[in-house]
Amino acid sequence: MARLERAKPRDVVPGWPDARSDDPVGEVARQFTLRLRAAMGDRSLRDAGTITGTSHVTLLKILDGQVWPDMATIAKLELGLGVDLWPGRRN
């Protein structure tokens with residue numbers, strides 16, 4: 001059976017990532033991205049990729065809302081940047 005294509009984060013959050021989303025999953029992705037952006041600070045994508053052991057292309061795609069980061073990527077980002085990026089459960 002073929003895997004269903006799911007919408008990209010930027011497709012479920014109009015105004016990605018600066019506008020709040022009514023979609024609870026999209027809002028978690030948006031909050032994650034804002035935290036990632038803040039944790040990267042002035043670092044380049046390549047520098048952040050080196051620090052975290054991820055590709056700069058992966059970082060770009062996450063920040064641009066083109067992909068949903070997987071658990072391994074989230075762990076690498078949090079460990080490498082020394083911050084909690086997951087925003088927690090949304091009510």
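The values are calculated or read from the model by the stated rules, or taken from the named source; none is laboratory data. Nothing here was measured: the structure is a model prediction, and the numbers come from that model. Don't worry about glycine lacking a Cβ; one is built from the backbone with ideal geometry, like all the others, and counts go over all protein chains shown.
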For the range 79-91, how many residues meet the condition of being exposed (fewer than 15 other Cβ atoms within 10 Å of the Cβ) and assigned to a helix (DSSP H, G or I)?
-> 1
What number of residues within the range 55-74 satisfy the criterion of being part of a helix (DSSP H, G or I) and out of contact with any Gly (no Cβ under 7 Å at 6 or more places or on another chain)?
-> 10
Is at least one residue of the range 12-24 buried (at least 18 other Cβ atoms within 10 Å of the Cβ) and part of a helix (DSSP H, G or I)?
-> yes
Determine whether the range 55-78 contains at least one residue that is surrounded by 13 or more Cβ atoms within 10 Å (Cβ to Cβ), of a type in the set (D, E, K, R), in contact (Cβ under 8 Å) with a residue 12 or more places away in the chain and touching an Asp or Glu at 6+ places or on another chain (Cβ under 8 Å).
-> no
What pairs can you find where one residue is in the range 28-54 and farther than 13 Å from residue 81 by Cα and in a helix (DSSP H, G or I), the other is at pLDDT below 95 and of a type in the set (Ser, Thr, Tyr), and their Cβ atoms are less than 7 Å apart, with a gap of 6+ or different chains?
-> 30/21
